[in-house]
Amino acid sequence: VHLVESGGGLVQAGGPLRLSCAASGRTFSNYILGWFRQGPGIDDEFVATISGSGGTTDYADSVKGRFTISRDNDKNTMYLQMDSLKSEDTAVYYCAAREGTIVDTPREYNFWGQGSQVTVSS
């Protein structure tokens, strides 16, 4: 499966931003999807993950209550709605896919997008 992120950019602290991850290739709903990020002092940090049906989600403690992961299987697209952004959310955000069960370990994901830069100014 091929993944392409979009929607990154520059935003002020406290503001919102929505990332999208469009997929092509095999049956989209077969895949567990996740968001990870890399930034200053951050290496492959788990952000959120969602099951194939969208019925199960999991979040890192650092984003819980501020970020929302969702997916539209008819559009082969996953989203990350980010609210109340903080400067420490500045990072390159990657979407990833795997088959099987929900996990939060980057090395368990087989397919990755190219990344989308999110910069939060304070």
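The values are calculated or read from the model by the stated rules, or taken from the named source; none is laboratory data. Small disclaimer: the values here were computed from a predicted structure and weren't measured. Because the Cβ atoms are built from the backbone with ideal geometry, glycine has one as well, and the counts that use them run over all protein chains shown. Just the protein is used for accessible areas: all its heavy atoms, side chains included, with ligands, DNA and RNA removed. Shrake-Rupley method; radii C 1.70, N 1.55, O 1.52, S 1.80 Å.
Given points 7 Å out from each Cα along the Cα-Cβ axis, report the ASP61 to LYS75 separation in nanometres with one decimal.
So the two model labels end up 3.4 nm from each other.
Roll a 1.4 angstrom probe over the protein heavy atoms and tell me the percent of accessible area of segment 67-108 that is carbon or sulfur. Intermediate values should be presented prior to the final figure.
Details: 780 of 2000 Å².
So the carbon and sulfur contribution to the accessible surface is 39 percent.
If you average the sequence gap of Cα pairs under 8 Å that are 6 or more apart and divide by the length of segment 40-93, what percent do you get for the contact order?
26 percent
By average Cβ neighbour count within 10 Å, what is the ranking of 53-64, 14-25 from highest down? Provide the component values of the computation, followed by the final result.
Working: 53-64: 13.4, 14-25: 16.5.
Top of the packing list down: 14-25, 53-64.
Projected area of segment 45-87, taken from the Cα convex hull and averaged over every viewing direction, in nm²?
On the way: hull surface 13.6 nm².
Its average projected convex-hull area is 3.4 nm².
What net charge do the residues around TYR109 carry, taking every other residue with its C-beta under 12 Å from that of TYR109, with Lys and Arg at +1 and Asp and Glu at -1? Walk me through the intermediate numbers first.
Values: positive: ARG98, ARG107; negative: ASP44, GLU99, ASP104, GLU108.
Result for the local shell: -2.
How many percent of the accessible area of segment 6-55 is carbon or sulfur, using a 1.4 Å probe?
Working: 1030 of 2280 Å².
The C+S portion of the solvent-accessible surface of segment 6-55 is 45 percent.
Give me the extension gain from ASP44 to ILE102: residue separation times 0.36 nm, minus the current Cα-Cα distance, reported in nm with one decimal. Present the calculation step by step, with values, prior to reporting the outcome.
On the way: separation 58, 0.36 × 58 = 20.88 nm, distance 1.65 nm.
Result for the pair: 19.2 nm of gain on full extension.
Report ³J(HN,Hα) in whole Hz for each residue of segment 58-70, in order, from the Karplus equation J = 6.51 cos²θ - 1.76 cosθ + 1.60 where θ = phi - 60°; Gly and Pro get x.
In residue order, the calculated couplings are 8, 9, 5, 4, 5, 10, 4, x, 10, 10, 10, 9, 8 Hz.
Give me the extension gain from ARG26 to SER6: residue separation times 0.36 nm, minus the current Cα-Cα distance, reported in nm with one decimal. Write out the running numbers ahead of the final one.
Details: separation 20, 0.36 × 20 = 7.20 nm, distance 2.02 nm.
Contour length minus the Cα-Cα distance gives 5.2 nm.
Based on the mean of other Cβ atoms within 10 Å per residue, sort peptides 43-50, 114-121 so the most packed one is first.
Numbers: 43-50: 19.1, 114-121: 16.1.
Result, highest mean first: 43-50, 114-121.
With a 1.4 Å probe and every protein chain left in place, work out the accessible area per residue of the chain in Å², rounded to a whole number.
Working: 5910 Å² over 122 residues.
On a per-residue basis, the chain sits at 48 Å².
Please report the orientation-averaged projected area of the chain, defined via the convex hull of its C-alpha atoms, in nm². List each step's numbers first, then the result.
Working: hull surface 26.2 nm².
Averaged projected area of the chain's Cα convex hull equals 6.5 nm².
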